[in-house]
1. Over all Cα pairs of region 5-83, how is the pair count split among 5 Å bins, expressed in % and running from 0 up to the last occupied bin?
2. Roughly how many Å is it from the Cα centre of region 29-46 to that of region 47-68, as a whole number?
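What follows draws every value from the coordinates through simple rules; no lab data is involved. Please read these numbers as outputs of a predicted model, since none were measured by experiment.
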Amino acid sequence: MSAVLEAEISPQMSTAAAVRLNELAEKAGFARLCISDGVFWPDSFMVQALCAQAARRIAVGAMVTNPYTRHPVVLAGALTTLDGRR
C-alpha cells in the first residue's frame, strides 16, 4: 500500500517549491499529493496544474476548496480542465 501525502500550500511556499515537493513525493513513492485552496495563497488549481504537468505517476488534486470564493460552475470548469481526459 502506498503512502498518501497531503501538502498544504502556505504563503511561505512558492509554486516552484510546490512543484519540487511534488517531485520529491513522487520519487519517495507517495501515491497522491493534495493541495488546499486558500484565499491568500497561490491559486490552488494553477499549482495543481503545474504539479500534474511535472508528475509521471503521482495523483495530484485538491484537499479542500472554498465554496464562498469559488462559484460552483467555475469550480466545475477548473476540475474538468484538470481532469485531462476531455
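1. Spelled out bin by bin, region 5-83 gives 3, 17, 30, 25, 16, 7, 2, 0 percent.
2. Centre-to-centre (Cα) distance: 5 Å.
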